[in-house]
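Colleague: What follows is a structure written as structure tokens; I'll ask about it next.
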Amino acid sequence: MSKEFTGKEACIAPEGVFIIGTYDEKGIPNAMNAAWGSQSDFDEITLFLDKHKTTDNVKKTGAFTVAFATKDTMVLADYFGVETGNRVNKIEVAGCHVHESRHVKAPIIEEFPVTLECECKSYDDETGILIGKIVAQQADESVLTDGLVDYDKLQPIMYDSSTKTYRLIGPVVGKAFHDGLALKK
């Protein structure tokens, strides 16, 4: 027996916890927490953002970074979502360490172990769709195995829109593009 739910909040998982880093017109770093986004091509990320200081910054600089929130950075990531950069310098208040990306004019927040460096391909004020071309990826050696990002070490979190909580992304349960071959005739 199933139960029908009505309303606008669908239970869609996983929803990433992305930390978007930008510089404002004075070169001051800013960060925001965004949950609605996805890889949209091999070298592209698409994010769905309302108008924020972050989107204003992206329009001015043409660049941004995307860091992945983890179990260890959950409190910091949540802070970046509950505070506004229009009111305070969130990076300074949180005590974060930042350096400029080598490839785009955007900050890398050192507390997050994996960061994508992105050029803005497009941003639409009406739809809030931000598309970024991923030009480089930075990963702390502590989350690598054989030169690749190891999710067991990274411990990325997801946003659970149903319960409004953060959850860990779990263990490997199968091999993509392989396990389904058993059913192929």
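Read-outs throughout are calculated quantities, based only on the coordinates presented, and are distinct from any laboratory measurement. Computed from a predicted model, the values in this text were never measured in an experiment. Cβ placement follows ideal geometry from the backbone for every residue including glycine, while neighbour counts extend to all protein chains displayed.
Colleague: Tell me, what HN-Hα J-couplings in whole Hz come from the Karplus equation 6.51 cos²θ - 1.76 cosθ + 1.60 at θ = phi - 60° for each residue of segment 76-81, using x for Gly and Pro?
Modeller: My calculation for segment 76-81 gives 4, 4, 5, 4, 5, x Hz in order.
Colleague: Let me ask something else. With charges only on Cβ, +1 for K and R and -1 for D and E, what is the dipole size of the chain about its Cα centre, in debye, rounded to 20? Walk me through the intermediate numbers first.
Modeller: Values: 20 positive and 29 negative charges, 73 e Å.
For this selection, approximately 340 debye.
Colleague: Which cross-chain or sequence-distant (5 or more) residues have an amide H under 5 Å from the amide H of I129, H modelled 1.01 Å from N in plane?
Modeller: L49, D124
Colleague: Bin by bin, in steps of 5 Å, what percent of the Cα pairs in segment 82-185 do you find, going until the bin that has the longest distance?
Modeller: 2, 9, 11, 14, 20, 20, 12, 7, 3, 2, 1, 0, 0
Colleague: Report relative contact order for the chain in percent, whole number only (criteria: Cα-Cα under 8 Å, sequence separation at least 6).
Modeller: Numbers: 354 pairs, mean separation 45.1, N = 185.
Contact order relative to length: 24 percent.
Colleague: Kindly provide the helix-only [θ] at 222 nm of the chain, computed as the sum of -39,500 (n - 2.57) over DSSP H runs of four or more divided by all residues, to the nearest 500 deg cm²/dmol? Write out the running numbers ahead of the final one.
Modeller: Details: 4 runs with 27 residues, N = 185.
It comes out at -3500 deg cm²/dmol, rounded to the nearest 500.
Colleague: Which order do the peptides 146-154, 60-68 come out in when sorted by mean C-beta neighbours inside 10 angstrom, highest first? Can you show the working numbers first?
Modeller: Numbers: 146-154: 12.8, 60-68: 22.6.
Packing order, densest peptide first, comes out as 60-68, 146-154.
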